[in-house]
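Notes follow the structure.
The values are calculated or read from the model by the stated rules, or taken from the named source; none is laboratory data. Here the structure is a predicted model, which is why all the values come from computation and not from measurement. All Cβ positions, glycine included, derive from the backbone under ideal geometry; neighbour counts span all protein chains shown. Protein only, heavy atoms only, side chains kept; ligands, DNA and RNA dropped before computing areas. Shrake-Rupley method; radii C 1.70, N 1.55, O 1.52, S 1.80 Å.
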Amino acid sequence: MVNEIPADDLQVDELDRSIIEILRRDARVTNKFIAETLEIAESTVGQRIKSMSRHGIMRVVALRDIRSLGYDLIAHADIFVEGRDARDVALELAPIDEIDMVALYTGSPQIIAQINVENRKQLSHVLTEMIGTAAGVTHVETVISLEIFKYESELGAHLAEDEQTNPRIHERDLDERIIAELERDGRVSNREIARTLDISEGTVRNRMKPLLDNHIVKFGAIIDHRALGLRCSAFLRLSVEPSRSRAVAREIAKLGEVPYVALAAGRFNILCVVTTTDRRRLTRLIQERIDPLDGVHLIDVREHIEVLKHRFQRVRIR
């Protein structure tokens, strides 16, 4: 069950914002460095970071490249519901491991789900045997992302919730166990990881270096978008002249309000997610920055009214 975080608990002041900005540039920077930069006590930095994490405002975590998990196929499923509350259906689907994001739409379809899988056979199983059999689901329309131009998770939701251990982790897979610790807390020290896993600190350090050098993981500060006043999110599907599709996707990927951009097959050949302050800003962004791009013929906008699941630890690093 998703517990909505009260709006009052998402308030941040200027000091919190300053700490967040430093961590967005380097999520593993020390509290001492932050304190010296902002000319405050090191203990204040630690208290502020712990408070923001506890209240689900900001977390520093290890972000995992989805390809390292074997996920070569990303699909977005529009789920149509009748005779049952769409939110209840979405909550039933949220625990499915292959689903990384579930949100409610305005209008119909009522639900969108992002599905990360290894191949088309696994996608077929998720769509027909897991989503398709849920009570109230009448049909599902799916769009497959063919080429990812941007896949970031700097903005998230439900950051205070405990993440379930990745079922793929084997007890003897030391790299995965180290990553799991860092996915829970990206600022935990190598010494603490070593103590938890009963290994040496040097082993942790030596294991982490190739993971970072080979772009399997990176560290990031994930901020609840509502704490920054970003309370409007939408899924955009664009019909673009095929010869211009890559150029348009690259231009959209430059926009800070857009965390996800991909080419797709079908009538709509570009997919993207936009997160901004309000509907007015969303409308202006579409009208002034996206619609005028050469080759754009049609934009379908579907606003999210509630995000029920967001597995923010998964990204495309490069």
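Points to keep in mind about this one:
- The share of accessible area on segment 68-155 that comes from carbon and sulfur is 47 percent, using a 1.4 angstrom probe.
- Helical content alone sets the calculated 222 nm signal of the chain at -8500 deg cm²/dmol, taking -39,500 (n - 2.57) per DSSP H segment of four or more residues and averaging over every residue.
- Between the helical axis of 201-213 and the longest alpha-carbon principal axis of the chain there is an angle of about 30 degrees.
- Summary value for segment 1-148: 23 percent relative contact order, contacts being C-alpha pairs under 8 angstrom separated by 6+ residues.
- Restricting segment 72-158 to trypsin sites (Lys or Arg not before Pro) in coil, as DSSP defines it, with at most 15 other Cβ within 10 Å: Arg84
- Gain on full stretching of the segment that runs from Arg205 to Thr133 - 0.36 nm per residue minus C-alpha separation: 21.3 nm
- Rounded tilt (10° steps) of 42-54 against the dominant C-alpha axis of the chain: 30 degrees
- J(HN,Hα) series, segment 86-98, from Karplus relation 6.51 cos²θ - 1.76 cosθ + 1.60, nearest Hz, glycine and proline x: 4, 5, 5, 5, 4, 5, 5, 7, 4, x, 4, 4, 6
- Residue list for segment 128-155, given a label point 7 angstrom along the Cα-to-Cβ vector of Asp72 and an amide N cut-off under 17 Å: 144-148
- FRET efficiency for the Asp175 to Arg250 pair, using the beta carbon distance and R₀ = 35 Å, is estimated at 0.60.
- From the coordinates shown, Rg/Rh (Cα atoms, Kirkwood Rh) corresponds to which of (i) 1.40; (ii) 1.01; (iii) 0.97: (iii)
- Within the accessible surface of segment 204-318, defined with a 1.4 Å probe on protein heavy atoms only, the carbon and sulfur portion equals 46 percent.
- Legend: residue pairs Lys150/Lys218; Lys254/Lys309; Lys209/Lys309; Lys50/Lys218; Lys32/Lys309; Lys121/Lys218, Cα-Cα distance threshold 24 Å; pairs beyond threshold, Lys254/Lys309; Lys209/Lys309; Lys32/Lys309; Lys121/Lys218.
- With all protein chains kept in place, the per residue accessible area of segment 23-136 amounts to 44 square angstrom at a probe of 1.4 angstrom.
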